[in-house]
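Working notes, beginning with the structure itself.
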Amino acid sequence: MSGQIFQYLVTGITVGSVYAMVAVGFNIIYNVTEIINFAQGEFVMLGGLIMVFLHVSLGLPLILAFPATVVLVTMVGVLLDRLAINPIRQPTVLSLIIATIAASILIKGTAMFIWGKDPFDLPAFSGRDPITLLGAVIQPQYFWVIGFLVLVVIVLTFFFDRTIIGKAMSACADNPDAASLVGINVKKMVLLSFALSAAIGAVAGITVTPISLMEYDRGAMLAIKGFGAAVLGGLGSFPGAVIGGLILGAIESLGAGLISSGYKDAFALIVLLFVLFFKPSGIFGNIEISRIKRF
Amino acid sequence: MIGPSLSGTSMAVVPLAEKYKTPLVSCAASYKIVWDDQKNQARKWVFKTPQTDTMAVEAIYTFLKKKGINTIAVLSVTSGFGASGRGELIRLAPDYGMNIVADEKYGPKDTDMTVQLTKIKGKAPQAIVNWSVGPTQVVALRNWKDLGMTSIPFYQSHGFGSRKNIELAAGAAEGVYCPLGAVNVSELLADNHPQKAVTMQYMKDYAAKYNEPLSSFGGHAWDALELVATALKAVGCDKAKIRDFLENTQGFVGQHGIFNFSPDDHIGLDKTAFQMVVVKDGDWALVE
């Protein structure tokens, strides 16, 4: 039984790591623009499918295909900002969010035309021989997913705390008007936030595809789960996104294993509602800050 | 009218076919497309070619019984296809003396089924029956192999009927059973099998045109198209005459079976339209 519970936890944390990466992507854009980018899940899907194209179809080695994929998806993020977000003349939170929804439908449709409706497989990074640990069976790919989440967190923490650009982005998050007064180009920071979260989405997609396969319409569901994780942890908080994602994954997995797999998605949502009921700003959110925000 | 190829979309078209008195030959699974549950009779203008879930379940249960297996775990996706198959698995279990010890579900976009399978492992069934289409049926297989559960035989529904799924499973499909129509295994059929000639011809034509392995689903469309073409040749373009001809068709040799329609049966197939197939060396093989 304890082996079973450990198995549920390991699986839950792996799935939760993907949710957490999506949630971090949501937060980066939210912090700078106050909007929820509904195309976030599409970045994950594109990451997986472009990686399949470069690594499997073109035969590029993993070590080259991985960064190339991240760069390509980052460019999609940049284009999304340049073509859909930046040109909106009188941006309101609502019109920007609607623009991201339109973009997500467009990206999904384009992916369907390019790749078709079939799912695609990616070879696991370090083989498919499972490891047995404390009565649980662990796919090596699980470590890659969790490892990349840790890497993303470390790099982002360093970026936002130790670099000028990162600090400038944080400044936009705190107060865009004051930030532009001190000479920060807010539009550039918005562009950067889309680029960054597209890159993180791509990493999530690349690492999860060997476990789950990838097809053109996978994005929406991942975006919903990632959004749930971001809200659970407190919108805008990076530690919150990570903790929120891991909790969401673990609850889904334990709920499915110990109670009923038919209500798996319901457990996560019940916990989400419960947390919001007692702490509307999420676990790590600050109610004072969320009052200033427009959304 | 031929198609659509999904149960949901077919159900949306059915009332129109009835209203405008146009014969419809659907290529989707659910028996509800051709059977009106409220009036308890076949829908007058609607026919369909694919086997139903009921036939697939009967084929699997008959086979399990022959192997002396009576304790099974059911795994299904929470889509229309999965829910319908799960319903039939549970409904028919008592008739075949099957004891369902686990009834696990997963979503159509889920990334991992390790949890559901771990739970099943704890219940120690003699076999697992999985009902889904799309990537989840492949992921479930991989998880089954990773968890070292290959000693518990894995049965897939007829939704597994594409060689692409074997490829995607990356070796995990070895030894997996599923019920399939003759079209998938044309090369393996005995020379005196009544469907040998039509299925071999279709396989050659399909490979020549598309240069990819064929799947069950094209076969359903072939059956529908050929049925309608035969009707058109025999009775011309009158809608009512086409309908009557379809309803009285007997012994039509198709890709998925030999069709015998009647006023009460607008599907025309029974469980013998399925062959139990096992994946062996990355390809289908017949099981006896």
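The values are calculated or read from the model by the stated rules, or taken from the named source; none is laboratory data. Since this is a predicted model, take the numbers as computed values, not measurements. Ideal geometry is used to build each Cβ from the backbone, glycine not excepted, and the neighbour counts take in all protein chains shown. What goes into the accessible areas is simple: the full protein's heavy atoms, side chains included, and nothing from ligands, DNA or RNA. Shrake-Rupley method; radii C 1.70, N 1.55, O 1.52, S 1.80 Å.
Using the basic label-point model (7 angstrom from Cα toward the beta carbon), what is the A:PHE6 to A:ASN286 distance in nanometres?
Inter-label distance under the simple model: 4.1 nm.
For peptide A:254-264, compute the average count of partner chain beta-carbon atoms within 10 Å of each residue's beta-carbon. Mind dumping the intermediate values first?
Values: counts 1, 1, 10, 7, 2, 0, 4, 15, 8, 2, 8.
Other-chain Cβ atoms within 10 Å of each residue's Cβ, averaged: 5.
Can you give the direction-averaged projected area of the convex hull of the alpha-carbon atoms in the protein assembly as shown, in nm²?
Values: hull surface 118.6 nm².
Result: 29.7 nm².
Once you keep just the Cα pairs under 8 angstrom separated by 6 or more residues, what percentage relative contact order results for chain B? Walk me through the numbers before you get to the answer.
On the way: 545 pairs, mean separation 54.7, N = 288.
Averaging sequence separation for qualifying contacts and normalising by length gives 19 percent for chain B.
For chain A, with only Lys/Arg (+1) and Asp/Glu (-1) charged at the beta-carbon, what is the dipole magnitude about the Cα centre, in debye rounded to 20? Could you put the intermediate results ahead of the total?
Values: 16 positive and 14 negative charges, 99 e Å.
My answer is approximately 480 debye.
Select from chain A the helices, each a whole stretch of DSSP H, whose alpha-carbon atoms run 18 Å or more along the helix axis and whose Kyte-Doolittle mean is at least -0.5; answer none if there are none. Walk me through the numbers before you get to the answer.
Values: long enough: A:2-33 (45 Å, 1.09); A:62-80 (27 Å, 2.60); A:93-115 (33 Å, 2.01); A:140-162 (33 Å, 1.70); A:186-212 (38 Å, 1.53); A:219-233 (21 Å, 1.51); A:238-254 (24 Å, 1.65); A:264-278 (22 Å, 2.37).
Length and hydropathy pass: A:2-33, A:62-80, A:93-115, A:140-162, A:186-212, A:219-233, A:238-254, A:264-278.
Which order do the peptides A:136-145, A:62-71 come out in when sorted by mean C-beta neighbours inside 10 angstrom, highest first? Don't skip to the answer; put the middle values down first.
On the way: A:136-145: 21.3, A:62-71: 16.2.
Order by mean packing, descending: A:136-145, A:62-71.
Could you run the Karplus curve 6.51 cos²θ - 1.76 cosθ + 1.60 with θ = phi - 60° over the stretch B:38-53 and give me ³J(HN,Hα) per residue in whole Hz, x for Gly and Pro?
Once rounded to whole Hz, the list reads 5, 8, 6, 8, 6, 5, 4, 9, 10, 10, 8, 9, x, 4, 8, 4.
Compute, for chain B, the length of the dipole vector about the Cα centre, with Cβ point charges of +1 (Lys, Arg) and -1 (Asp, Glu) only. Units Debye, rounded to 20. Before the final figure, lay out the partial values.
On the way: 30 positive and 29 negative charges, 85 e Å.
The dipole magnitude comes to about 400 debye.
From the residues A:SER126, A:THR33, A:ALA178, which one has its Cα farthest along the dipole of chain A in the positive direction, the dipole being from +1 and -1 charges on Cβ of Lys/Arg and Asp/Glu about the Cα centre?
Result: A:ALA178.
Run the dipole for the stretch A:68-220 about the Cα centre, Lys and Arg Cβ at +1, Asp and Glu Cβ at -1, nothing else charged, and hand back the magnitude in debye, nearest 20. Each step should come with its number before you reach the end.
On the way: 10 positive and 9 negative charges, 73 e Å.
Around 360 debye, computed over the stretch A:68-220.
Taking each pair of distinct Cα atoms in the stretch B:205-288 once, what is the resulting Kirkwood hydrodynamic radius in Å? Display every interim value, and only then the final one.
Working: mean 1/r = 0.0677 Å⁻¹.
Averaging 1/r across every pair of different Cα atoms and inverting gives 14.8 Å.
What whole-number value in Å² describes the accessible area per residue of chain A for a 1.4 Å probe? Each step should come with its number before you reach the end.
Details: 13110 Å² over 295 residues.
Normalised by residue count, the accessible surface of chain A is 44 Å².
Using the Karplus curve 6.51 cos²θ - 1.76 cosθ + 1.60 with θ = phi - 60°, work out ³J(HN,Hα) for each residue of the stretch B:62-72 in order, rounded to whole Hz, and write x for Gly and Pro.
Once rounded to whole Hz, the list reads 4, 5, 4, 4, 4, 7, x, 9, 9, 10, 10.
Report the residues of the stretch A:1-34 in range of a label on A:LEU134: point 7 Å along Cα→C-beta, backbone N strictly under 18 Å from it.
What the label zone holds, given the 18 Å backbone N cut-off, is A:1-17.
Determine the share of chain B's accessible area contributed by carbon and sulfur atoms, expressed in whole percent, with a 1.4 angstrom probe.
55
Between the helical axis of B:7-19 and the dominant principal axis of chain B, each derived from Cα atoms, what acute angle in degrees is found, rounded to the nearest 10?
Computed tilt is about 20 degrees.
Principal axis lengths of chain B from Cα atoms, whole Å, largest first?
Result for chain B: principal-axis Cα extents of 60, 44, 34 Å.
Determine the share of the stretch A:24-127's accessible area contributed by carbon and sulfur atoms, expressed in whole percent, with a 1.4 angstrom probe.
Working: 3380 of 4580 Å².
C and S fraction of accessible area: 74 percent.
Output the relative contact order of chain A, whole-number percent, from Cα pairs under 8 angstrom with separation of 6+ residues. Working shown, then result.
Numbers: 488 pairs, mean separation 109.5, N = 295.
Taking the mean separation of contacting Cα pairs over the length of chain A, I get 37 percent.
How would you rank A:256-263, A:33-40, highest first, on the average number of other Cβ atoms within 10 Å across their residues? Walk me through the numbers before you get to the answer.
Details: A:256-263: 19.1, A:33-40: 25.2.
Highest-to-lowest ranking by the protection proxy: A:33-40, A:256-263.
Only counting protein heavy atoms at a 1.4 Å probe, give the residues of the stretch B:99-139, ordered by number, whose accessible area falls by 50 Å² or more when the other protein chains are present relative to the chain alone.
Buried by 50 Å² or more upon assembly, which counts only protein chains, are B:LYS109, B:ASP110, B:THR111, B:ASP112, B:VAL115, B:THR118, B:LYS119, B:PRO135.
Along the positive direction of the dipole of the stretch A:2-292 (beta-carbon charges: Lys, Arg +1; Asp, Glu -1; about the Cα centre), which of A:GLY249, A:SER104, A:ILE270 reaches farthest?
A:SER104
Please give the average number of partner chain Cβ atoms lying within 10 Å of the Cβ of each residue in A:209-215, rounded to a whole number. Mind dumping the intermediate values first?
Numbers: counts 1, 2, 7, 10, 9, 2, 3.
Average neighbour count from other chains, rounded to a whole number: 5.
With n ≥ 4 as the cut-off for DSSP H runs, can you work out [θ] at 222 nm for chain A, using -39500 (n - 2.57) per run divided by the number of residues, rounded to the nearest 500? List each step's numbers first, then the result.
Values: 12 runs with 206 residues, N = 295.
That comes out to -23500 deg cm²/dmol.
Within 10 Å of each Cβ in B:168-180, how many Cβ atoms from other chains are there, averaged over the peptide?
Details: counts 5, 2, 5, 1, 1, 0, 0, 0, 0, 0, 0, 0, 0.
Neighbouring Cβ atoms belonging to other protein chains average 1 per residue here.
Show me B:26-32, B:207-213, B:150-156 ranked by packing, highest mean number of other Cβ atoms within 10 Å first.
Details: B:26-32: 22.6, B:207-213: 10.0, B:150-156: 19.3.
Packing proxy ranking, top to bottom: B:26-32, B:150-156, B:207-213.
Taking a temperature of 37 °C and a viscosity of 0.692 mPa s, what whole-number D in µm²/s does Stokes-Einstein yield for the stretch A:2-292 with Rh from Kirkwood over alpha carbon pairs? All intermediate terms of the calculation are to be shown ahead of the outcome.
Details: Rh = 19.3 Å.
Diffusion coefficient, whole number: 170 µm²/s.
Please compute the Kirkwood hydrodynamic radius over the stretch A:29-172, one decimal place, Å, based on all pairs of different Cα atoms. Write out the running numbers ahead of the final one.
Values: mean 1/r = 0.0563 Å⁻¹.
Taking the inverse mean of 1/r over all distinct Cα pairs, the stretch A:29-172 comes out at 17.8 Å.
Just the number, please: percent antiparallel of the DSSP beta bridges in the protein assembly as shown, rounded to the nearest 5. Please list the in-between numbers first.
On the way: 18 of 38 bridges.
Antiparallel bridges: around 45 percent, rounded to the nearest 5.
With each run of n ≥ 4 DSSP H residues scored as -39500 (n - 2.57), what mean residue ellipticity at 222 nm is computed for chain B after dividing by its residue count and rounding to the nearest 500 deg cm²/dmol?
Numbers: 9 runs with 112 residues, N = 288.
About -12000 deg cm²/dmol.
Amide H neighbours of B:PHE47 under 5 Å, counting only residues 5+ apart in sequence or on other chains, H built in-plane at 1.01 Å?
B:LEU24, B:VAL25, B:SER26
What total accessible area, in Å², is buried where chains B and A meet, using a 1.4 Å probe and rounding to the nearest 100?
Values: alone 13030 and 14250 Å², together 24900 Å².
Buried surface at the B/A interface: approximately 2400 Å².
Hey, what do the phi angles of the stretch B:101-106 turn into as Karplus ³J(HN,Hα) couplings, whole Hz, using 6.51/-1.76/1.60 and θ = phi - 60°, x for Gly and Pro?
Coupling constants for the stretch B:101-106: 8, 9, 9, 9, 10, 8 Hz.
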